[in-house]
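This report refers to the structure that appears directly beneath it.
Computed from the coordinates by the stated procedures, all read-outs in this text should not be read as laboratory data. This structure is a prediction, so every number in the text was calculated from the model and none was measured. No Cβ is skipped: glycine too gets one built from the backbone with ideal geometry, and neighbour counts run over all protein chains shown.
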Amino acid sequence: MIAGMDAMPGLWIALTVWAAFAQTLRNTAQRSLTASLGTLGATLVRFLYGLPFALAWLAIVHAWRAEPLPAPSWAFLGWVTLGAVAQIAATAFLLAAMEARSFALGVAYSKTELLQIAVFGLAFLGDPLSPPAMLAVACGTLGVLLLSPADPQRPLAALLTGLGTRPALLGLASGAGFAFAAIGYRGAALALEGSFLMAAAASLAAAQLIQTLLLGGWLLWRDARVVGATFRLWRPSLFAGFMGAAASAGWFSAFALQPAAHVRTLGLVEMVFSYAVSRKLFRERMTRLEMAGMAFLAAGIAVITLAR
């Protein structure tokens, strides 16, 4: 059981906002690497170059708090492996959805991640869903769907008519993968003794090690040139890895303090950051649909932040 979970009740909010901000910077760095490394190569960068920073964060927490490293249990290993594998699988399903015809439908269905997190969190961890939390999840999901519609002319109708198609099923599988990743990481932190910081840091280090070995090994087998290219591009990769580890440290710490559905709903503030960056850099104007999506997004974020 994690110690200190009741202290500083608003801390999870600050950690989640930090994670969302750091993830926005990580995504920007990764986007610049995708052209050279491909999507999976850029994803490997996030794990491979993030691992040293994750281990350094674990060492800092260990020294700072003078707290012993937690002994991993079978429950911890099971949860953290579930999270690590599910995150990789979710990325693979999303790539498959994006390569299919009607890829926008698959991407839209992947945004059901939030609803799936709420359901899986209740089913597997017993995380409660209060009426305000359910309202926030519903608003957040609707906002995300309006911001990435399968069909801008009829955004919600397209989801219903497309259900059962291959892109939709791939999108749902991707959303489920990301949902299980969040649940797995929260379960891993809850399975460890000690402070929430130590539990989160140990979970992060273990997850990044598993992901580096799995994805790195798979890419070495399928296309070793991609792995070699990640080392040649070590300078931009180092920044992407650092920001990825910084974002994950925030996510994992927040997961140790709050149900995953709460954290990921507030984490939608990342989309606000992303839209702010795109408008600042590219002078893009928002459509009415996007403004409606942002309004629902803001409502969900406000409700989950103010809910007690």
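Worth pointing out:
- GNM remark for the chain: springs join alpha carbons under 10 Å apart, and the peak mean-square fluctuation among 30, 208, 153 falls on 153.
- Qualifying trypsin sites (Lys or Arg not before Pro) for the stretch 55-139 [loop in DSSP, other Cβ within 10 Å: at most 15]: 101
- Surrounding net charge for residue 181, when Lys and Arg each add one and Asp and Glu each subtract one, Cβ distance under 12 Å: +1
- When the Cα positions of 187, 234, 175 are compared along the charge dipole of the stretch 8-306, 234 comes out farthest toward the positive end, with charges on each C-beta of Lys, Arg, Asp and Glu.
- In the chain, the DSSP-assigned H stretches of four residues or longer account for a calculated mean residue ellipticity at 222 nm of -27000 deg cm²/dmol, using -39500 (n - 2.57) per stretch and the full residue count as denominator.
- Identified option (computed semi-axes √(5λ) of the Cα gyration tensor in Å; candidates [x] 45, 23, 17; [y] 29, 25, 18; [z] 42, 22, 15): [y]
- Local net charge near residue 152, Cβ-Cβ under 13 Å (Lys/Arg +1, Asp/Glu -1): 0
- Here the stretch 8-306 is treated with +1 on each Lys and Arg Cβ and -1 on each Asp and Glu Cβ, and its dipole about the Cα centre works out to around 800 debye.
- When only Cα pairs below 8 angstrom with a gap of at least 6 residues are kept, the stretch 8-306 shows a relative contact order of 38 percent.
- Exposed GluC sites (Glu not before Pro) absent - longest run of the chain, DSSP non-H/G/I/E/B, at most 16 other C-beta within 10 Å: 1-192
- Span-like helix ranges in the chain, DSSP H, alpha carbon extent 30 angstrom or more, Kyte mean at least 0.5: 11-48, 74-99, 166-190, 196-222, 234-257
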